[in-house]
Amino acid sequence: MVESKYKEAIGLILKCDADRIFLYWKGRVALYAILKAMGIEEDDEVIMPAFTCVVVPNAIIYLGAKPVYVDISTDTLNMEIDLIEDAITLKTKAIICQNTFGLSSNVEEINEIAKKHKLFTIEDCTHGFGGLYNGKPNGSYCDAAFYSTQWNKPFSTGIGGFAVINNLELMDNMQQLEHEKFQPSLLEQFALAALIIFKNYLINRFTYWSLVKLYRFLSAKNLIIGSNQGGEIAGITIPEKYFKNISFIQIITGIKELKKNNSINNLRQKNAKAYTCFLMENGKTHIAMNFFENHSFLRYPILVENRDLFLILAEKSKISIGDWFLSPIHPVKQKFDLWKLNLNNFPIACSISQRIVNLPTDIKNNGEVINFLKSNIEMIK
Ligand SMILES: Cc1ncc(COP(=O)(O)O)c(C=O)c1O
């Protein structure tokens, strides 16, 4: 069966048994399943970074629970470890840590805190598949981990995701939940297959900006299978048939894409080194070499002044620069109280989300990007 073959291929890279892997339509659905398997329900609290994608707090809110945010640290862009214990209350049930842009950090310390307070831990490895943390694959340390295979993730099946369970006590619940998954419709499968073909043949540095804009516009209007449906950004109501299974097209695409995992990871490290050297030579903020071992560099984050202008200049130069996370719960820009987020409490996340952009790392030739940075060096912090 192709499903077992896909799980085995993932398991080989993550060094885990295939039967501990569960497949879903999207990464956020994998998180939802994990939270459900952990018994998270009405009024429970889940601690998470204030620098993520809105679909993470959404999965918590859909279960009636409350996301409790922790500000991030400037060097890791992950939760500031010293702030985590202050966020714990009698209602806290779990802590989500995140491999932001591919960097995992403080996972052992977070696990220690969780153990002390008898909490579950979940690793958001949506940026970190294929990377290592202190020698072990990302996702090995917490009770459970989830991964995304959406367009711009470490490997892509268009949209898609999976969960890995390390705490075997959760296995029965995860298996039970398998029976509750909605099956993707034929129309959804067909539309996704068309998008995958379209992306493989039509996206390049010349078409990147216009196609990304078109895709975001169409998915916000629910006119296309999108990374985010309009309602997921505008509010906190669970979308119809949210708890959805993976489809055949995603599985076969995943099996094919996983074969490139090693070479792409090497390329990401090589480009990241070139960016760090360039930024260091020019006295700019950069990712220090001591982080490289635990960083899989899905993207390379930099801070800029006047981000809007920087993005316009990148578009003109045909450089595929990313704009995430442009808010502590990307891409939400208003009504933060719906997501229980008081921006005043997260000064670092707010400041970084106003200035951050990210550089591509999966490109064969980084010369164009470095030339672009050189030409706009005064805008880089
Ligand atoms: C940090 C983070 N967590 C979770 C997700 C959700 O992944 P998916 O789009 O597969 O649901 C994303 C998506 O982009 C993300 O950036």
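Quick notes on this one:
- Restricting segment 304-325 to residues that are surrounded by fewer than 18 Cβ atoms within 10 Å (Cβ to Cβ) and over 12 Å from Asn376 (Cβ atoms), the residue that is nearest to the ligand (Cβ to nearest atom) is Asp323.
- Looking only at segment 96-133, residues that are out of contact with any helix residue (DSSP H, G or I) (no Cβ under 7 Å at 6 or more places or on another chain), surrounded by fewer than 19 Cβ atoms within 10 Å (Cβ to Cβ) and in contact (Cβ under 8 Å) with a residue 24 or more places away in the chain come to 3 in all.
- The residues of segment 157-178 that are within 14 Å of the ligand (Cβ to nearest atom) and either within 15 Å of Ile13 (Cα to Cα) or touching a helix residue (DSSP H, G or I) at 6+ places or on another chain (Cβ under 6 Å) (or both), listed by number, are Thr157, Gly158, Gly160, Gly161, Phe162, Ala163.
- The single condition among (1) more than 16 Å from the ligand (Cβ to nearest atom); (2) at negative phi; (3) of a type in the set (Gly, Ala, Ser) that Gly131 does not meet is (1).
- Test: residue in segment 287-301 that is in contact (Cβ under 8 Å) with a residue 12 or more places away in the chain, open to solvent by 10 Å² or more (accessible area, probe 1.4 Å) and farther than 30 Å from Asn134 by Cβ: no
- Summed over segment 263-286, the residues that are in contact with a Leu (Cβ under 7 Å, 6 or more places away or on another chain) and open to solvent by 20 Å² or more (accessible area, probe 1.4 Å) give a count of 2.
- Screening Tyr147, Tyr141 for residues that are within 13 Å of the ligand (Cβ to nearest atom) and at pLDDT 95 or above leaves exactly one candidate, Tyr147.
- In the condition set (1) in contact with a strand residue (DSSP E or B) (Cβ under 6 Å, 6 or more places away or on another chain); (2) modelled with pLDDT under 95, Ile165 is compliant with all but (2).
- Verdict on Arg268 being within 18 Å of Phe129 (Cβ to Cβ), among the charged types (D, E, K, R) and touching a strand residue (DSSP E or B) at 6+ places or on another chain (Cβ under 6 Å): no
The values are calculated or read from the model by the stated rules, or taken from the named source; none is laboratory data. What you see is a predicted model, and the numbers here were worked out from it, not measured in a lab. Positions of Cβ are backbone-derived with ideal geometry, glycine not excepted, and every protein chain shown enters the neighbour counts. The area values use the complete protein model at the heavy-atom level, side chains included, leaving out ligands, DNA and RNA. Shrake-Rupley method; radii C 1.70, N 1.55, O 1.52, S 1.80 Å.
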